[in-house]
Amino acid sequence: MNVKWWQTTVIYQIYPRSFQDSDADGIGDLKGIIQRLDYLEKLGITAIWLSPVYKSPNDDNGYDISDYQDIMTEFGTMNDMDELIKQADKRKIKIIMDLVVNHTSDEHKWFIESRKSKDNPYRDYYVWRNPVNGDVPNSLKSIFSGSAWEFDDETGEYYLHLFSKKQPDLNWENEKVRREVWDMMNFWLEKGVGGFRMDVIDLIGKLPDEEITGNGPKIHDYIQEMNRETFGKYDVLTVGETWGATPEIAKLYSDPKRNELSMVFQFEHISLDQQPGKEKWDYKPLEVNELKQVLSKWQTALGNEGWNSLFWNNHDLPRIVSRWGNDTTYRVESAKMFAILLHLMKGTPYIYQGEEIGMTNYLVKDISEVEDIESVNMYNERLANGYQKEDIIASINFKGRDNARTPIQWDRTENAGFTKGTPWLHVNPNYQEINVETNLDNPDSIFYCYQKLIKLRKDNPIIVWGDYELVTDTPQQVFMYLRHYEDETWAVVANFGEEIETVQIEHLGQSNKIVINNYERSTVNFQKLELQPYEAFAVKLK
Ligand code: TEU
């Protein structure tokens, strides 16, 4: 079997702005990450997905890039970046760069040139269209609210931006754009990076005039071409962010025979609390049975024609322990329950910074406390459309991206040890109780649960290669699955609720070979199994 290193690893996502500040400017930086590499080595991860560190005016906190081959001033220098790659390598940790090539910043030299005149050599690096009846070219909307078209007085045309006005979309139909991107990717590959996370890569095949954005007709041509011209020559990880992916689409991106990507991030499971046909802000309670069906579908649908990513959190998502767990009475139990359930599935797990210590959402009272452009734009749009302020704030508190971006809580000192300056974003006041130091001092902490799960993956082929089987005859709130590998069978059980649940599956018998658990338990008897609130465990049945 041709085993790829990224099939057996666990990846840690760092949002640099909020990870560790080293120079007291209140913003995390590369030197701060280097200071914390020993902590990550102790956790056991072997790759870091680094959110963008390139030069940027930070309209979208680095996802608006003005120079792909230079480092954002607040984060440090290219020497610091080279040192991070070197120090990580010493600890056998790879650095996965965040590739944001659906769009650039409007302060990128290409766009500065492009907007100068209609006959500028860079004009077709972006998507420009004439007004239609004195108005926007069509009804395409920005994901950050409002029209996706911005009028530019200089040349009397509109340019396309599926995100903020300061993030003009690149025109991937222009081969010169594709070549510029390949050159930049090879620059980073030659530096020894371990691969790329590809930001909204499903959008680069867009056909704006047909109002097609995701999964356009040429998307796979572009990715196969990119594979040939850049990363296909290296043993690296490539993971595409593809919000609309179904298992069939995911196979097109990640089937090894197609020479495209290693895997994709699909978002079907993490969108289950969104009202159908509405926006992410219009939420509803999670139906655990739907989660069982969706995650089980992804566990079985790809077969050997693709590879799963596994995640609950990232820098765009609220923290799972607040979203679908209980971040007060059962914070530790529910945080461990999510970890055990996910990390014993088939695929590559991703841990988002702070998830491993059970960090929670941060509730705001007023829009003045909110930093994220997506939330602020939505607030203004919904206020103008008559929504009640308190309802909009409730949506931001439940689903806003700032929830994931509060500074990492390292210890009990001021600003949780994140900075000696004024933090760019509020520090969650619960850092006195929830911090890395407290976790490291407690052998029963969430940190050590994650550390054990990572080690289990390294030591037990059943986790990486075993078949998956959902167990259906369980109470609604109980998510249970089996893993089979050669003559081994493991059962993984998770109670998603605060009620005590009873599971009776006679034929599974009993076992005292408990692999990992979040409550005291010496044996499992499936003839009459009582689960505590948010109880989860894995047990060897044979
Ligand atoms: O996110 C893609 C994206 O669409 C998300 O913004 C998502 O729609 C929303 O945030 C769900 O809460 C990627 C990056 O992960 C995100 O941080 C960037 O803002 C965006 O692309 C533009 O680069």
| remark: Of the residues in the stretch 100-115, those that are within 16 Å of the ligand (Cβ to nearest atom) and either within 29 Å of Val236 (Cα to Cα) or assigned to a loop (DSSP other than H, G, I, E, B) (or both) come to Val100, Val101, Asn102, His103, Thr104, Ser105, Asp106, Glu107, His108
| query | Residues in the stretch 1-35 that are without any contact (Cβ under 8 Å) to a residue 60 or more places away in the chain, assigned by the TED database to the domain that holds Asp235 and within 28 Å of Leu342 (Cβ to Cβ): how many? | reply | 3
| note | Being within 12 Å of the ligand (Cβ to nearest atom) and either assigned by the TED database to the domain that holds Asp80 or hydroxyl-bearing (Ser, Thr, Tyr) (or both) narrows Gly216, Gly240 down to just Gly240
| field | Scope the stretch 98-114; condition without any contact (Cβ under 8 Å) to a residue 40 or more places away in the chain and hydrophobic (A, V, I, L, M, F, W, C); matching residues | value | Ile112
| request: Return the total of residues in the stretch 395-416 being free of Cβ contacts under 8 Å to residues at least 40 places away in the same chain and away from the ligand (no atom under 16 Å from the Cβ). | output: 6
| field | Tally of residues being of a type in the set (Asp, Glu) and within 16 Å of the ligand (Cβ to nearest atom) across the stretch 302-339 | value | 1
| request: Please give the number of the condition Glu506 fails out of (1) over 21 Å from Pro533 (Cα atoms); (2) modelled with pLDDT of 95 or more. | output: (2)
| said: Arg382 - would you say it is out of contact with any Cys (no Cβ under 6 Å at 6 or more places or on another chain) and either buried (at least 21 other Cβ atoms within 10 Å of the Cβ) or outside any loop (DSSP other than H, G, I, E, B) (or both)? | reply: yes
| field | Residue in the stretch 44-100 that is nearest to Tyr352 (Cα to Cα), counting only those that are touching a helix residue (DSSP H, G or I) at 6+ places or on another chain (Cβ under 7 Å) and of a type in the set (Phe, Trp, Tyr) | value | Phe75
| Meets criteria (on the phi < 0 side of the Ramachandran plot, at pLDDT 95 or above and assigned to a loop (DSSP other than H, G, I, E, B)) for Lys166 | yes
| note | When the stretch 179-202 is checked residue by residue, the ones that are away from the ligand (no atom under 16 Å from the Cβ), among the aromatic types (Phe, Trp, Tyr) and either closer than 16 Å to Tyr54 by Cα or loosely packed, with under 15 Cβ neighbours inside 10 Å (or both) are Phe187, Trp188
| message | Going through Ala416, Ala394, Ala404 one at a time, which residue ends up being farther than 24 Å from Gln20 by Cα and at pLDDT 95 or above? | response | Ala394
| query | Residue check: is Leu291 in contact (Cβ under 8 Å) with a residue 60 or more places away in the chain and in a helix (DSSP H, G or I)? | reply | yes
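Residue by residue, here is whether (1) within 16 Å of the ligand (Cβ to nearest atom); (2) touching a residue at least 12 places away in the same chain (Cβ under 8 Å); (3) surrounded by 13 or more Cβ atoms within 10 Å (Cβ to Cβ) holds:
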site: Ser117; (1), (2), (3): no, yes, no
site: Tyr122; (1), (2), (3): no, yes, yes
site: Asn130; (1), (2), (3): no, yes, no
site: Asn138; (1), (2), (3): no, yes, yes
site: Gly146; (1), (2), (3): yes, yes, yes
site: Tyr158; (1), (2), (3): no, yes, yes
site: His161; (1), (2), (3): yes, yes, yes
site: Ser164; (1), (2), (3): yes, yes, yes
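The values are calculated or read from the model by the stated rules, or taken from the named source; none is laboratory data. Predicted model only: the values in this text are computed from it and were never measured. Don't worry about glycine lacking a Cβ; one is built from the backbone with ideal geometry, like all the others, and counts go over all protein chains shown.
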